[in-house]
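> Sharing a structure with you now.
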């Protein structure tokens, strides 16, 4: 395929429920955070309170506040230094 033909190709977008089912199978919270920075759609799906309650049903919802926000981490943790 030539580049002009490739630029005209439209990739269909998966529905939110399909992406949510895929994200539910991500093995740990670090990988889930990495998935959330792929695009705005994935970030919104991962940060959705319903998704978080389904993903971690035994965890208090207050423990998940700020899941995708670096503002909740100490400054030294953001720089990769130990406390």
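Values in this text are rule-based calculations from the coordinates and carry no lab data. If you're wondering where the values come from, they're calculated on a predicted model, not measured in any experiment.
> What percent do you get for the relative contact order of the stretch 15-58 when only Cα pairs under 8 Å and 6+ apart count? Don't skip to the answer; put the middle values down first.
Numbers: 22 pairs, mean separation 14.3, N = 44.
RCO, the stretch 15-58: 33 percent.
> Please report the Cα spread of the stretch 15-58 along all three principal axes, rounded to whole Å, starting with the longest.
28, 21, 16
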